[in-house]
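The values are calculated or read from the model by the stated rules, or taken from the named source; none is laboratory data. The model shown is predicted, which means the values in this text are computed figures rather than measured ones. Methodologically, a virtual Cβ is constructed for each residue, glycine included, from the backbone with ideal geometry; neighbour enumeration extends over all protein chains shown.
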Amino acid sequence: MKYIVIIGDGMADFPIEELGGKTPLMVAHKPFMNAMAKEGFCGKVNTVPEGFSPGSDVAAMSIFGYDPAKYYTGRAPIEAAGMGIKLGDADVAFRCNLVNLGIKAEKTVMEDYSGGHITTEEAEILIDMLNEKMGNDEIHFFPGVSYRHIMVWKGGMWQMSSTPPHDITGKEIRTYLPGGEGAARVLSLMEESQRILGGHPLNDKRKEADKLPANSIWLWGQGKRTKLPFFTEKYQLKGATVAAVDLVKGVSRLAGFDAPHVAGATGYLDTDYRAKAQKALELLKDHDVVYVHIEAPDEASHNGNLKEKIKAIESIDADVVGTLLEKVEDGTRFLIVTDHATPISMKTHYAMPVPFVIYDKGKKAEGASTGYDERIGEGVISGEEMIIRFIRGQKP
């Protein structure tokens with residue numbers, strides 16, 4: 001049997017007055033997901049265990065069938081693995097966003113967590129400059145995708161507080177700065193980056209083009225090296241992942257999955273949905289299970305863009321789910337799930353049970369649902385249990 005997992009990042013939401021008290025999942029035109037919900041097994045999954053922040057790192061680990069309480073060491077080391085960065089036992093990885101800060105005399109505000117959604121090519125220029133000016137035997141910066149990068153502090157400290165920048169858009173940063181042991185060093189790096197990036201010619205060009213400059217780094221999500229048992233050992237299946245973001249690639253590679261580059265996959269609203277589906281079909285030929293992750297609904301939510309969120313959900317249904325459903329053989333088992341809620345009203349992640357559907361192509365069941373959205377399912381299970389049931393074919 002072949003298995004396909006489709007993760008629509010941040011699809012779940014709250015009822016929205018503008019939508020007549022419905023959610024984006026409820027109003028989006030998604031005939032393929034709805035048909036799966038009507039004919040498959042539906043339930044709710046708690047991807048974020050109690051005591052954890054509702055980040056994609058924790059949720060993705062759950063959806064891959066690993067209990068975060070056993071394996072989670074921080075977000076950044078997972079992304080580092082996705083970028084092929086090898087961490088030593090004493091190394092600490094930090095997620096390094098290129099951000100735009102509104103720096104004024106009386107306060108500094110997080111204007112944009114993505115540096116105006118800087119391109120990967122532009123970001124690499126800035127990260128190279130930071131390495132030239134700030135890098136040494138202790139500190140090193142690694143370029144990633146768009147605004148998402150990694151800093152490694154060799155022999156560094158990591159048990160400090162830090163805040164995801166996408167949680168504080170429009171807020172004064174003072175109360176959200178890193179705190180605790182080692183925080184002074186991290187703050188000094190962030191402040192030094194502002195002096196380097198503020199006057200960089202690339203940022204001058206961005207301002208001339210009426211784009212936000214990426215005028216600072218923001219360090220967060222720190223942690224030491226993550227270790228996972230391979231998926232083949234745990235579930236006896238050979239896996240691969242189609243994803244643009246290093247976080248999901250990181251979980252994949254830690255689990256022993258192949259995670260190849262996909263041309264046109266951007267991790268943003270302009271991603272090539274069909275290219276992801278086509279790559280999944282290629283990988284399915286010599287892998288047992290293929291995960292397909294799409295970041296776009298989450299990005300739309302962080303931007304507070306309801307229209308784009310609905311459009312992203314519809315594109316996932318038509319270009320990813322529909323394409324795969326048409327091309328794969330009968331007996332292929334699908335899992336449709338979102339990693340967490342990212343409510344438009346909050347512009348950040350929210351921990352709550354989220355809907356999932358398990359569906360076997362060609363096998364109709366007595367489904368009780370009218371469609372795939374937040375209303376389906378009664379009982380709530382863990383991510384690890386969801387994957388076990390998905391693989392073994394047990395009804396939730």
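Residues in segment 177-191 that are touching a residue at least 24 places away in the same chain (Cβ under 8 Å), more than 23 Å from GLU132 (Cα to Cα) and under 25 Å from the mean Cα position of the chain (by Cα): PRO178 alone.
For the criterion of being surrounded by fewer than 24 Cβ atoms within 10 Å (Cβ to Cβ), in the same structural domain as LYS311 (by TED's automatic domain parsing), out of contact with any Lys or Arg (no Cβ under 6 Å at 6 or more places or on another chain) and closer than 30 Å to ASP330 by Cβ, LYS22 fails. Restricting attention to segment 141-167, the residues that are of a type in the set (Val, Ile, Thr) and either at pLDDT below 95 or more than 21 Å from the chain's Cα centre (by Cα) (or both) add up to 1.
LEU254 meets the stated requirement of being touching a Leu at 6+ places or on another chain (Cβ under 7 Å), in the same structural domain as ALA318 (by TED's automatic domain parsing) and under 28 Å from ARG333 (Cα atoms).
Please specify each residue of segment 333-347 satisfying the condition of being part of a loop (DSSP other than H, G, I, E, B) and either crowded, with 20+ Cβ neighbours inside 10 Å or charged (D, E, K, R) (or both). Across segment 333-347, the qualifying residues are THR338, ASP339, HIS340, THR342, PRO343, ILE344, LYS347.
Scanning segment 207-262 for residues that are among the small types (Gly, Ala, Ser) and under 30 Å from GLY155 (Cβ atoms) turns up ALA214, SER216, GLY221, GLY223, GLY250, SER252, ALA255, GLY256, ALA259. The numbered conditions (1) more than 19 Å from the chain's Cα centre (by Cα); (2) buried (at least 18 other Cβ atoms within 10 Å of the Cβ); (3) of a type in the set (Lys, Arg) are all true for LYS327 except (2). For GLU79, the conditions (1) acidic (Asp, Glu); (2) surrounded by 24 or more Cβ atoms within 10 Å (Cβ to Cβ); (3) over 12 Å from the mean Cα position of the chain (by Cα) all hold with the exception of (3). Within segment 155-174, residues that are closer than 15 Å to THR342 by Cβ have Cβ atoms under 7 Å from residues that are modelled with pLDDT under 95 and polar (S, T, N, Q) in these pairs: HIS166/THR348; ASP167/THR348, counting only partners at least 6 apart in sequence or on another chain.
For segment 59-87, a tally of residues being in a helix (DSSP H, G or I) and of a type in the set (D, E, K, R) returns 3. Counting only residues that are of a type in the set (Asp, Glu), within 19 Å of ASP298 (Cβ to Cβ) and part of a loop (DSSP other than H, G, I, E, B), segment 15-58 holds 0 of them.
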